[in-house]
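*Asks:* Structure incoming, see below.
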Amino acid sequence: MGTIAFSNVSKIYGGTGGVQALAEVDFHIGEGEFVALLGPSGCGKSTLLNILAGFEGATGGDVRFDGGGVTKPGPDRGVVFQEASLLPWLNVWDNVVFGPKVQGIAKPVYEERARRILDIVGLSQFTEALPVQLSGGMRQRVGIARALVMEPRALLMDEPFGALDAQTRLSMQELLLDVWQKLKTTVLFVTHDIDEAILLADRVCVMKARPGRISRDIPITLPRPRSIDTLTDPAFVGFKAEIMAEMRGAHH
Amino acid sequence: MAAITDTAPVAPAAQPTAKASPLPGRLRKLALALILPVALVIAWQLAGKDGAIFGGALPTPDRVWKAWMLWAFGNPGFGLNPYAGTWMANVIASAQRVAAGFALAIVVGVPLGILIGWSKTVSALVDPSIQWLRPVPITAWLPISIAIFGISGLGAIFLITIGAFYPIVINTTQGARDVERNWIRAALMMGASRFDVLLRVVLPAALPSIFTGLRLGLGIGWTAVIVSEMVAVKSGLGYVLWDAYYVGRMDIVIADMVSIGLLGYLSDRLIVAVEMTALRWRRMQSFNQ
C-alpha cells in the first residue's frame with residue numbers, strides 16, 4: 001500500500017522545443033517509506049510531485065501508484081501545499097471535513113476521525129476559527145489534518161514548511177515526525193532545506209536542474225524515533241556534508 | 001509565549017466579528033454625509049421667490065415637501081388631486097418589478113457566469129453573443145418589449161432583467177476565472193467531483209466579484225424600471241414622474257426623483273448588508289476593515 005514508481009518520466013513545458021523540466025526520472029518509493037526530494041528551485045521537484053498528485057500529466061514515461069496508472073487527483077494521495085491553500089470561507093472544522101463530506105463518507109465516521117486528527121495536530125480548540133485568523137504554522141496544521149483525515153495511502157508534501165519562520169518550522173517538523181511514527185504512511189516530501197530533508201526522511205533524493213533529474217539517492221540511516229536533537233548528532237552532520245558536496249557538484 | 005508549540009492565533013477565535021464602530025464615530029459620519037444635501041436644499045430655498053426658482057420653472061423645497069406629504073398621506077377624496085395618497089402604491093409597484101427582474105437576472109446570470117468562467121467551451125459558445133448584445137442600451141429594447149408584453153408591468157421586468165443581467169454575468173465570469181488554482185487542486189485531491197468544485201469552490205470564491213455585479217446590476221435595474229414605466233406601464237414611480245411632468249406638477253416630479261434615489265440607496269444598502277455577512281472571511285483579510 002502506498003508504493004510509488006516513476007519509470008523514465010519526462011516533462012516538457014510548452015510543446016516541442018519547450019523547457020525540459022524533467023528528464024528520464026526513474027525512482028521508486030516503498031510502502032511506508034519517507035522520501036525527501038531535495039534541490040534548488042527550478043530543478044523539477046514540485047513538477048514531480050504534481051505529476052504524482054495527478055495535477056499535471058507527464059510528457060513521457062510511466063507513473064504508477066500502487067501499481068495503477070496515475071490519471072487524476074484523488075483522496076488516496078493526500079497533498080499538503082506550500083501555503084496550505086485552505087478554503088478561506090470555511091472554518092477549520094469545515095476545511096478538515098471537506099474531503100470526507102464530498103466523498104459521501106457517513107457523518108459519524110468522519111466526525112470521529114476529524115476530531116481525532118485535530119487533536120493530534122493540536123487544533124481541537126480552534127475548530128471555529130477561519131484560516132485568516134490563524135498563524136502560518138496553524139494553517140499548515142490544518143493543511144496536514146485535511147490530508148490525513150482522508151486516510152491517504154501516501155502523503156505528498158510540497159515544501160510545506162518553506163514559508164514558516166525557523167522556530168515554527170522546527171515544531172512542525174517534530175509534529176510530522178510524531179504523526180508519521182504513528183501512521184507510517186508513505187511520504188514524498190519536497191524541500192530545499194537540507195536539514196529538514198535529513199531530519200525527516202529515510203532517503204534523500206538530490207535533484208539537479210536543467211534538465212531536472214535525480215542525481216543521487218542517499219539512504220539516511222539515522223535511528224528513529226528522531227527529534228530536533230537529531231540535528232546536532234555527529235552522524236547527522238556527516239550526512240549533511242555528503243549532501244552539500246553533492247549539491248555543490250550539482251551546480252557546476 | 002509559546003515557543004515551539006505555535007498554537008497562538010493571530011486574532012482570537014472567540015471574538016471574530018469586526019467591532020461595531022462606536023456611536024460618536026457613526027454620528028460624525030452621518031453629519032458629514034448630510035452637509036452637502038442640507039446645504040443644497042437651503043441654497044435652493046433661499047434662491048427661490050414666491051415658492052419658485054428659474055422664473056417659475058421649479059418649485060422650492062418647501063413646496064416639494066408639501067406636495068410629497070400630500071402624495072404620501074393625502075386623502076384621495078373625490079379626485080381633485082389625482083396623486084393624493086398614492087405614493088406607497090407606486091413605490092411598491094416599482095420595487096416589486098425591480099425585485100422580480102433583479103431576481104431573474106441573478107437566477108440566469110450567476111450560474112451562466114460560473115459556467116462561462118469555468119468552461120472554455122461554454123465561454124466560446126456564449127461569451128461572444130453576450131459581448132455584442134451588451135452595447136445595445138436597454139432603451140433600445142423598449143419597442144420589442146412593448147411589442148411582446150404590451151403596456152404592462154411584465155415589460156418593465158423584462159427590461160430590468162436584461163439591464164441587470166450583463167454586469168452580473170460579466171462579474172461572475174471574472175470571479176470564476178480568477179479562482180486560485182490550488183483551491184481547485186485541493187478540492188480535487190480531496191475527492192470533489194466537477195460539480196462539487198463548481199458549487200463548493202468556484203461559487204464561493206467568485207462571491208466577491210458576484211456582489212460587485214449585483215450592486216451594479218441593481219443600479220441599472222432602477223434605471224430600467226423608471227424608463228419602462230415612463231413609456232410603457234401605467235403605474236409606478238416612472239409613470240408618475242412622466243405623468244406629473246405632462247400636467248406641469250414639477251413638485252411631484254422632484255419628490256418622485258428623491259424617492260427613486262432613496263429606494264435605490266436603501267436597496268443597495270441591503271445588498272451590502274448581505275455581502276458583509278456572506279463575505280466575513282474576505283472582510284477579515286482586507287486592510288480596511
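*Asks:* Among the listed residues A:76, A:62, identify the single one that is touching a residue at least 24 places away in the same chain (Cβ under 8 Å) and away from chain B (no Cβ under 13 Å). Lay out the reasoning, then the answer.
*Replies:* On the way: A:76 fails: away from chain B (no Cβ under 13 Å).
Unique residue meeting the criteria: A:62.
*Asks:* Determine whether residue A:138 is within 7 Å of chain B (Cβ to nearest Cβ) and closer than 14 Å to residue B:189 by Cβ. Full working, then the answer.
*Replies:* Numbers: within 7 Å of chain B (Cβ to nearest Cβ): yes; closer than 14 Å to residue B:189 by Cβ: no.
Here the answer is no, as residue A:138 does not meet what is asked.
*Asks:* Continuing with the same structure: I'd like the residue in the range A:141-152 that is at the interface with chain B (Cβ under 10 Å from one of its Cβ atoms) and not in a loop (DSSP other than H, G, I, E, B) and, out of all such residues, is surrounded by the most Cβ atoms within 10 Å (Cβ to Cβ). Break it down into steps so the answer makes sense when it comes.
*Replies:* Initially, the range A:141-152 is screened for residues at the interface with chain B (Cβ under 10 Å from one of its Cβ atoms), giving A:141, A:143, A:146-147, A:149-150, A:152.
Checking which are not in a loop (DSSP other than H, G, I, E, B) leaves us with A:141, A:143, A:146-147.
Values: A:141: 26, A:143: 26, A:146: 30, A:147: 28.
Of everything passing the filter in the range A:141-152, A:146 is surrounded by the most Cβ atoms within 10 Å (Cβ to Cβ).
*Asks:* Evaluate the range A:32-50: report whether one residue or more is charged (D, E, K, R), part of a strand (DSSP E or B) and out of contact with any Pro (no Cβ under 7 Å at 6 or more places or on another chain). Quick ask: steps written out before the conclusion?
*Replies:* Taking the range A:32-50 as the starting set, the residues that turn out to be charged (D, E, K, R) are A:33, A:45.
Narrowing the set further to residues that are part of a strand (DSSP E or B) leaves none.
No, the range A:32-50 has no match at all.
*Asks:* Still on this structure: Of all residues in the range A:79-107, how many are modelled with pLDDT of 95 or more, within 23 Å of residue A:163 (Cα to Cα), more than 7 Å from chain B (Cβ to nearest Cβ) and not in a helix (DSSP H, G or I)?
*Replies:* The total comes to 4.
*Asks:* While we're here: Scan the range B:171-190 and tell me whether some residue there is surrounded by fewer than 16 Cβ atoms within 10 Å (Cβ to Cβ), in a helix (DSSP H, G or I), free of Cβ contacts under 8 Å to residues at least 60 places away in the same chain and out of contact with any Cys (no Cβ under 7 Å at 6 or more places or on another chain).
*Replies:* The answer is yes; a qualifying residue exists.
*Asks:* Since residue A:110 meets every condition but one in (1) in contact (Cβ under 8 Å) with a residue 40 or more places away in the chain; (2) more than 8 Å from every other protein chain (Cβ to nearest Cβ), which condition does it not meet?
*Replies:* (1)
Yes or no, residue by residue, for (1) farther than 28 Å from residue A:132 by Cβ; (2) aromatic (Phe, Trp, Tyr):
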position	(1), (2)
A:53	no, no
A:62	yes, no
A:70	yes, no
A:74	yes, no
A:83	no, no
A:89	no, yes
A:93	no, yes
A:115	no, no
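*Asks:* Still on this structure: Collect the residues in the range A:134-167 that are more than 24 Å from residue A:47 (Cβ to Cβ) and in contact with a Phe, Trp or Tyr (Cβ under 8 Å, 6 or more places away or on another chain), keeping them in residue-number order. Talk me through it step by step, then tell me what you get.
*Replies:* To start, the set of residues in the range A:134-167 that are more than 24 Å from residue A:47 (Cβ to Cβ) comprises A:134-139, A:141-142, A:145, A:148-149, A:151, A:165-167.
Matches in the range A:134-167: A:134, A:138, A:149.
*Asks:* Regarding residue A:156, is this residue buried (at least 24 other Cβ atoms within 10 Å of the Cβ), outside any helix (DSSP H, G or I) and either over 14 Å from the mean Cα position of the chain (by Cα) or within 10 Å of chain B (Cβ to nearest Cβ) (or both)?
*Replies:* Taking the combined requirement at face value, the residue satisfies it.
*Asks:* How many residues, within the range A:31-57, are within 20 Å of residue A:73 (Cα to Cα) and loosely packed, with under 14 Cβ neighbours inside 10 Å?
*Replies:* Counting residues in the range A:31-57 that are within 20 Å of residue A:73 (Cα to Cα) and loosely packed, with under 14 Cβ neighbours inside 10 Å gives 1.
*Asks:* What's the number of the condition residue A:35 fails, among (1) more than 11 Å from chain B (Cβ to nearest Cβ); (2) modelled with pLDDT of 95 or more; (3) out of contact with any strand residue (DSSP E or B) (no Cβ under 9 Å at 6 or more places or on another chain)?
*Replies:* Answer for residue A:35: the failing condition is (3).
*Asks:* Hey, any hits in the range B:147-166 for a residue that's in a helix (DSSP H, G or I), within 14 Å of another protein chain (Cβ to nearest Cβ) and buried (at least 21 other Cβ atoms within 10 Å of the Cβ)? Show your work before the answer.
*Replies:* Just the residues of the range B:147-166 that are in a helix (DSSP H, G or I), to begin with: B:147-149, B:153-166.
Within this subset, residues satisfying the condition of being within 14 Å of another protein chain (Cβ to nearest Cβ) are none.
No, every residue in the range B:147-166 fails to be in a helix (DSSP H, G or I), within 14 Å of another protein chain (Cβ to nearest Cβ) and buried (at least 21 other Cβ atoms within 10 Å of the Cβ).
*Asks:* Scan the range B:252-289 for residues that are within 14 Å of another protein chain (Cβ to nearest Cβ) and either under 20 Å from residue B:74 (Cβ atoms) or surrounded by 11 or more Cβ atoms within 10 Å (Cβ to Cβ) (or both) and jot them down.
*Replies:* So in the range B:252-289, the residues within 14 Å of another protein chain (Cβ to nearest Cβ) come out as B:275-287, B:289.
Residues satisfying the conditions are B:275, B:276, B:278, B:279, B:280, B:281, B:282, B:283, B:284, B:285.
*Asks:* All but one of (1) within 16 Å of residue B:218 (Cβ to Cβ); (2) crowded, with 16+ Cβ neighbours inside 10 Å; (3) among the β-branched types (Val, Ile, Thr) hold for residue B:108; which doesn't?
*Replies:* Exception for residue B:108: condition (2).
The values are calculated or read from the model by the stated rules, or taken from the named source; none is laboratory data. These numbers come from a predicted model, not from an experiment. Cβ sites come from the backbone with ideal geometry, for glycine too, and all protein chains shown count toward neighbours.
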